[in-house]
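J.: A single structure is presented below for examination.
The values are calculated or read from the model by the stated rules, or taken from the named source; none is laboratory data. Quantities reported herein were computed from a predicted structural model and do not represent experimental measurements. Quick reminder, even Gly has a Cβ in these numbers, built from the backbone with ideal geometry, and neighbours come from all protein chains shown.
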Amino acid sequence: MIGVFDSGLGGLAVFKEVTKALPNYDYIYLGDNARAPYGDLSQDIIYQYTQQAVDYLFAQGCSLIILACNTVSAEALRKLQQEYLPNKYPGKNVLGIIRPLSEIAATASVNKNIAVLGTQSTISSNAYQVELQEQDKNIQVIQQACPLLVSLVEDSKEKTESSQSILFNYLAPLVGQDFDTLILGCTHYSFFHDQIENFFKKRVKIIENGQIIAEKLADYINRHPEFSETSTKQQKTFLTTGDSQKFDQAAEKFLGQKIQSQQIKL
Ligand code: DGL
């Protein structure tokens, strides 16, 4: 069973593509909606919340967890992989999403100027800058934090006029800068994909989580067949720490299918 974890709804963008690309698995999606956004929290708290989510998902029977959240991937992944999993969960693994996105962006960019949008925490961590320059030291990175966007998505307000003007305020400083590739470095920003694409008049390549992570995960499982599964049930379970009705409404709109989540406590 594969676990997909995010602070809230954003990871659904990853979940949607991963379940399409790898249908023969059981999945649990866990959104910590009650405590989102994570993007303004300290690294210690983000680590602590992520560890609780990982414990929960492993206890449900997951063998592999995708941290479908850039903030968590930036602030908690390394410590989990290096210090927590080897002792407590040998044979299980947790994967992040920043490296895969950086690999694709580094190849996609022709002029080697890449812009990154992310939460305050992801941008301050410099995780994308480090990963991108590890791919190619000539890459110039322009970073822009967009702190209010996650809450707008969590409240299903991404299509309102005021959200649009908040979004455009974040994007304005990027106008006139010479980048050809833009990383949506927060899974929640997939909910704004069309607005962002239209703002830049389709002149930049937008690198976002869903499909890239799905392809990289399929490749990872090919190389690690111990995580391969053929489930007859192909069950999809949705868990939220927040209000399950609110979660269902937003998730159904995004996924285009009816779902029924359960509320849990971490
Ligand atoms: N979806 C998370 C990300 O990719 C949002 C983090 C937050 O809750 O602020 O960074």
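J.: Find the helices (runs of 4 or more DSSP H) located wholly in the stretch 165-266 whose residues include 1 or more that are small (Gly, Ala, Ser) and over 23 Å from Asn111 (Cα atoms), and list them. Working first, answer last.
T.: Numbers: elements: 193-199, 209-223, 244-255.
Fully inside the stretch 165-266 and qualifying: 209-223, 244-255.
J.: Of the residues Val54, Val72, which single one is within 11 Å of the ligand (Cβ to nearest atom), surrounded by 24 or more Cβ atoms within 10 Å (Cβ to Cβ), within 16 Å of the chain's Cα centre (by Cα) and not small (Gly, Ala, Ser)? Show your work before the answer.
T.: Details: Val54 fails: within 11 Å of the ligand (Cβ to nearest atom).
Matching residue, one of Val54, Val72: Val72.
J.: I'd like the residue in the stretch 125-145 that is away from the ligand (no atom under 12 Å from the Cβ) and part of a helix (DSSP H, G or I) and, out of all such residues, is surrounded by the most Cβ atoms within 10 Å (Cβ to Cβ). Even if it seems obvious, please write down each step before you answer.
T.: At the first step, the residues of the stretch 125-145 found to be away from the ligand (no atom under 12 Å from the Cβ) are 126, 129-144.
Pick out the ones that are also part of a helix (DSSP H, G or I) and you get 129-135.
Details: Gln129: 18, Val130: 13, Glu131: 23, Leu132: 26, Gln133: 16, Glu134: 13, Gln135: 17.
My answer is Leu132.
J.: Continuing with this model, one more query. Here is a list of conditions, (1) closer than 27 Å to Leu182 by Cα; (2) in contact (Cβ under 8 Å) with a residue 12 or more places away in the chain; (3) within 14 Å of the ligand (Cβ to nearest atom), and Ser109 meets all of them except one; can you say which number that is?
T.: Exception for Ser109: condition (3).
For every residue, the table says whether it meets (1) at pLDDT below 95; (2) polar (S, T, N, Q).
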site	(1), (2)
Asp180	no, no
Gly185	no, no
Ser190	yes, yes
Val204	no, no
Gly242	no, no
Ala251	no, no
Gln263	no, yes
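J.: Quick one: in the stretch 57-69, which of the residues that are crowded, with 24+ Cβ neighbours inside 10 Å and part of a strand (DSSP E or B) is farthest from the ligand (Cβ to nearest atom)?
T.: The selected residue is Ile65.
J.: Another question about this same structure. If you check Pro100, Pro86, which single one turns out to be within 26 Å of Ala218 (Cα to Cα), assigned to a helix (DSSP H, G or I), more than 16 Å from the ligand (Cβ to nearest atom) and not polar (S, T, N, Q)?
T.: Values: Pro100 fails: more than 16 Å from the ligand (Cβ to nearest atom).
After applying the criteria, what remains is Pro86.
J.: Of all residues being outside any helix (DSSP H, G or I) and free of Cβ contacts under 8 Å to residues at least 40 places away in the same chain in the stretch 146-164, which is nearest to the ligand (Cβ to nearest atom)? Just the residue, please.
T.: Residues of the stretch 146-164 outside any helix (DSSP H, G or I): 146-148, 155-160.
If we keep only those that are free of Cβ contacts under 8 Å to residues at least 40 places away in the same chain as well, we get 148, 155, 157-160.
Details: Leu148: 10, Asp155: 13, Lys157: 15, Glu158: 13, Lys159: 18, Thr160: 19 Å.
The extreme case among them is Leu148.
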